[in-house]
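Values in this text are rule-based calculations from the coordinates and carry no lab data. Nothing here was measured: the structure is a model prediction, and the numbers come from that model. Cβ placement follows ideal geometry from the backbone for every residue including glycine, while neighbour counts extend to all protein chains displayed.
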Amino acid sequence: MNPSSSVKVRCCVVGGGPAGMMLGYLLGRAGIDVVVLEKHADFFRDFRGDTVHPSTLQVMDELGLIDGFLKLPHQRLQKMDGLFGGTPVRIADLRRLHIKYPFIAFMPQWDFLNFLREEGRRFASLKVMMNTEAVDLFRRGDTIAGVRATTPDGAIDIEADLTIACDGRHSTVRERAGLEVEEIGAPMDVLWFRAGRKADETENLFARVEPGKMMITFDRGDYWQCAYVIAKGEHDAVKARGLQALLDDVVRMAPVLRSGIADVKSFDDVKLLTVAINRLKRWTRPGLLLIGDAAHAMSPVGGVGVNLAVQDAVATANLLADKLQRGCPTEDELDAVRRRREFPVRMTQRMQVVVQNNIISGALQGGARPLRVPLIVRLITALPWLQGIPARLIALGVRPEHVRSKAAPTS
Ligand SMILES: Cc1cc2nc3c(=O)[nH]c(=O)nc-3n(C[C@H](O)[C@H](O)[C@H](O)COP(=O)(O)OP(=O)(O)OC[C@H]3O[C@@H](n4cnc5c(N)ncnc54)[C@H](O)[C@@H]3O)c2cc1C
């Protein structure tokens, strides 16, 4: 493929998800010549993780964006209550945290990404190229010197001093760079669907666990967002039992969905999301850095993936924006991002694995045995002051980042 055109930039960010759009915003704000490539024409894709946690809200506050952001339609969650084998449990209570934004904002991810894109338009040095898919890397000696991309108008070479891959868990850049992924694994997959919600339908439960079954529901205003958790590899068996068997199960676990479940008309309305937990051993090559899901895919447990991706972007800008003013940071300077972020990633993944192995796996294998509420959940429910600990981990994560990269004088 011969490129029909080429451009040269200081930094090329591949992928316009939470990591890429936040990083593009921060580097544009710092006056760095940066281009973000997004392969889709828009951000409108369902089930991408719509939970904006207090750590991200704090970042938006530090950027002076919070007022506009919270004007966008969203729902707020403060308490995480559930039914475990019929027993009421409380998993976390964000009201116990002494922080500025003690709630999780549920907002469609496309609204979040569009907002960052619109706000970023004021930075002359930031360009977002939609419909542009990175398909390969090109090298100068051992150094990654940029990406080759396809656009509706043909191929384009983007020569960059630094390429930062934010292209998600199926990263093309990672594959082209030959970086090794360490798989940690997950025992479950998730079926996502929407059920209509009437104005008078309210329920404060978000998790329901029964022998062999688990379900999460979020009130999203005019619909319920539902996640039905299945054991890994069970998707075909669920389909073989038929749609009605699945919907009957769903309504039995969550009677509030009785009327809205009619929105699920076929298995086309039920999306399978394959859960993975993995991480890279090495996040860099000369001229290349990977962050977000491209460096570490997160389980949906805790709904933290979007927020970790944003934290990675903040840390990257903090550590590299100044250096990028002068040229490409050395590989050791790029590796400072891994050194900063690997600990929070490992700790978060470890907690996700503990929840998966001790709560989710046990529940999914439950069969006919009565379910016992795990000791840790019983303790958290019984001792309200303990509810602040999971709340803090979910809300702020491990070692939260703050915006330290400077805004360019003109921005
Ligand atoms: C079942 C499930 C549920 C989840 N629920 C939640 C949740 O509720 N809350 C939460 O915080 N997290 C959740 N997550 C995790 C979350 O979705 C991710 O951790 C997060 O989106 C990672 O952000 P990212 O920017 O690194 O990557 P992504 O969000 O994957 O973004 C990557 C972007 O790069 C683009 N792209 C890919 N390849 C190319 C290419 N070659 N060229 C150009 N562009 C490209 C993609 O189109 C995409 O826009 C969930 C994950 C799963 C599997």
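With N denoting the number of residues in the chain, provide Rg(C-alpha) divided by 2.2 N^0.38 Å, to two decimal places.
So the Cα radius of gyration is 1.01 times the expected 2.2 N^0.38 Å.
Ratio to report: Rg/Rh of the stretch 1-99, with Cα atoms as the point set and Rh obtained by the Kirkwood method; give two decimals.
Using only Cα positions, Rg/Rh for the stretch 1-99 is 1.12.
Name the residue, out of Glu38, Glu180, Glu342, whose mean-square fluctuation peaks in a Gaussian network model built on the chain with Cα pairs under 10 Å.
Comparing Glu38, Glu180, Glu342 in the GNM, the peak value goes to Glu180.
Only Cα pairs under 8 Å and at least 6 apart count here; give the relative contact order of the chain as a rounded whole percent.
It comes to 25 percent, rounded to a whole number.
In what sequence, highest mean first, do 259-272, 278-291, 142-155 appear when ranked by Cβ atoms within 10 angstrom?
278-291, 142-155, 259-272
What is the percent of Cα-Cα separations in the stretch 184-225 that go past 15 Å?
Pairs farther apart than 15 Å: 51 percent.
I'd like the distance separating the alpha-carbon centroids of the stretch 111-180 and the stretch 67-93, in whole Å.
Centre-to-centre distance over Cα atoms comes out at 35 Å.
For the peptides 19-26, 345-352, what is the packing order when you average, over each peptide's residues, the other Cβ atoms within 10 Å and list the highest mean first?
19-26, 345-352
Report the antiparallel proportion of the DSSP beta bridges in the chain as a percent, rounded to a multiple of 5.
Of all bridge pairs located within the chain, approximately 70 percent are antiparallel.
Name the lysines eligible as straight-distance cross-link partners of Lys406: C-alpha to C-alpha under 17 Å, and not fewer than 8 places from it in the same chain.
Lys323
Give me the compactness ratio for the stretch 293-337, meaning the Cα radius of gyration over 2.2 N^0.38 Å.
Its radius of gyration relative to the 2.2 N^0.38 Å reference: 1.37.
Under a cut-off of 25 Å between alpha-carbon atoms, report the lysines in cross-link reach of Lys39, not counting same-chain residues fewer than 8 places apart.
Lys8, Lys127, Lys271
So if I take the alpha carbon set of the stretch 188-273, get Rg, then get Rh from the Kirkwood formula, what is the Rg over Rh ratio?
Value, to two decimals: 0.93.
Mean residue ellipticity at 222 nm from the helices of the chain, using -39,500 (n - 2.57) per DSSP H segment of n ≥ 4 over the full residue count, to the nearest 500 deg cm²/dmol?
Taken over the chain, the calculation gives -9500 deg cm²/dmol.
So how do Glu234, Glu175 line up by other beta-carbon neighbours within 10 Å, fewest first?
Least to most surrounded, the residues fall as Glu175, Glu234.
Among the listed pairs Lys71/Lys198; Lys198/Lys232; Lys71/Lys100, give every one whose C-alpha distance is greater than 25 Å.
Among Lys71/Lys198; Lys198/Lys232; Lys71/Lys100, the Cα-Cα distance tops 25 Å for Lys198/Lys232.
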